[in-house]
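What follows is one structure encoded as structure tokens, with my remarks underneath.
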Amino acid sequence: MKKRGGIIAVVLCVAVLAAAIVGDFLFSRNNSTNFTAMNTVVSLDITGFDSSAAVKKIKEEILYLDEYLLSRTNEKSEIYAVNNGKTQITAELAKILFDLKRLEAATDGAFCIGLAQLSDLWGIGTENAAVPDEADISAAIRNSSAWQTDKQTVTLPGNIKLDLGAAGKGIACDYAFNTLSQLKCKQAVVAVGGSILLYADKPDTRFRVGVRDPLGSANEYCIILDAQPGCISTSGNYERFFEDENGNTWHHIFDPSTGYPAQSGLLSVTVAAQSGTVSDALSTACFVLGLERSLPLLEKYNADAIFITQDKEIITTYENAEEIITVTNDSYSLGEIK
Ligand code: AMP
Ligand code: MG
């Protein structure tokens, strides 16, 4: 009898161990994919029991957001319809526009989604990029923040059309976060162009994130950041620009108060926040505002930022910068907020 009990105990132990190994194997299942949406490359890398379902669902959602909701160039999208006279909007778009309106107010208009006309006028990123006439610039920015929304409608002043290009990638990260939370996922990196969601079911997880060298090529980094879970977005003057006949370069992030590309002494700004909508909108706003004027805004949203200045200084609000930021290119130096 004694011997039988011993055998049962051993069998049970083996069964428990096998279940643990199978469980561990299932929960550490990894799935990844790359595709194009929102005029950029999207990459998903997800670990967890439901990683396969999560990859499928998040891909579908991002393609849906791009095609049916946020794009201003796709005729099937709701923003396209709004820009062409539609005023009654879905609750889904109303919520997004409501959040963006709040961000416009919080940034004193440095982030402004009413700049589609201005973007078209400059044509940056197209074959027709050129410095427009002063009068056309003034007309394009007039009323740019005067669009209104409530829970069901949106109203645009006559000359204004919406461009969600500075927040759409962050919005996609927030959709991905919701899906990852609903499914059984342990860890994920969702990169939508310059906005990245770092997801982990354990808050003490750390991710190594490369911050692009704004003077280097697309896959060159100048910083490695040890980041906590959350969203990180970068805005930089290298993303889209053109050179005029006098050799001046003009980039794609506009100062809504002048209608010209922002001149705030920065090459790029990287913002880390809990939400992707916030990190994306703030990275654009901070690029416009420049370092000093960005600080109260970042504090308000409990966000951190890494500024890379035109003097090749790296200045950050992270209190533990020396521990979590590694400068990997000697031509940049870590400076301090003065
Ligand atoms: P991002 O790369 O997120 O900073 O977004 C830049 C894109 O947003 C540009 O290519 C424009 O389409 C649009 N944009 C430019 N300036 C602004 C601004 N001040 N506020 C909001 N959107 C802007
Ligand atoms: Mg942005």
Exercise for the section: Assess whether PHE98 counts as being in a loop (DSSP other than H, G, I, E, B), among the aromatic types (Phe, Trp, Tyr) and within 25 Å of LEU297 (Cβ to Cβ). Expected result: no
Exercise for the section: Read through the list (1) out of contact with any strand residue (DSSP E or B) (no Cβ under 6 Å at 6 or more places or on another chain); (2) closer than 26 Å to LYS101 by Cβ, then give the number of the only condition that PHE287 fails. Expected result: (1)
Problem - All positions within region 95-138 that are among the polar types (S, T, N, Q) and closer than 15 Å to ASN83 by Cβ - result: GLN117, SER119
Completion exercise
Restricting region 102-122 to residues that are aliphatic (A, V, I, L, M) and touching a helix residue (DSSP H, G or I) at 6+ places or on another chain (Cβ under 9 Å), the one farthest from ligand 2 (Cβ to nearest atom) turns out to be LEU121
Practice task
Exactly one condition in (1) within 11 Å of ligand 1 (Cβ to nearest atom); (2) at pLDDT 95 or above is not met by ASN237; state its number.
Solution key: (2)
Handout entry: Pair list, Cβ < 6 Å and 6+ apart or interchain, from region 108-131 residues that are under 21 Å from ARG293 (Cβ atoms) to residues that are acidic (Asp, Glu) and part of a helix (DSSP H, G or I)
Key = PHE111/GLU104; CYS112/GLU104
Handout entry: Of all residues in region 243-252 being farther than 22 Å from TYR221 by Cα and not polar (S, T, N, Q), the one that is nearest to ligand 2 (Cβ to nearest atom)
Key = TRP250
Practice task
Return only the number of the condition from (1) assigned to a loop (DSSP other than H, G, I, E, B); (2) more than 16 Å from ligand 2 (Cβ to nearest atom); (3) within 30 Å of ILE324 (Cβ to Cβ); (4) modelled with pLDDT of 95 or more that ALA176 does not satisfy.
Solution key: (1)
Exercise for the section: Please list, ordered by first then second residue, the pairs with beta carbon atoms under 6 Å, 6 or more apart or interchain, first in region 41-52 and within 9 Å of VAL189 (Cα to Cα), second among the aliphatic types (A, V, I, L, M) and modelled with pLDDT of 95 or more. Expected result: SER43/ALA191; LEU44/VAL55; LEU44/ILE58; LEU44/VAL190; ASP45/VAL189; ILE46/ALA54; ILE46/VAL55; ILE46/ALA188
Practice task
Among what's in region 253-288 and is more than 15 Å from the chain's Cα centre (by Cα) and within 13 Å of ligand 2 (Cβ to nearest atom), pick the residue that is farthest from CYS222 (Cα to Cα).
Solution key: PHE254
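The values are calculated or read from the model by the stated rules, or taken from the named source; none is laboratory data. None of the values given here were measured: they were computed from a predicted structure. So basically every Cβ, Gly included, is an ideal-geometry build from the backbone, and we count neighbours across all protein chains shown.
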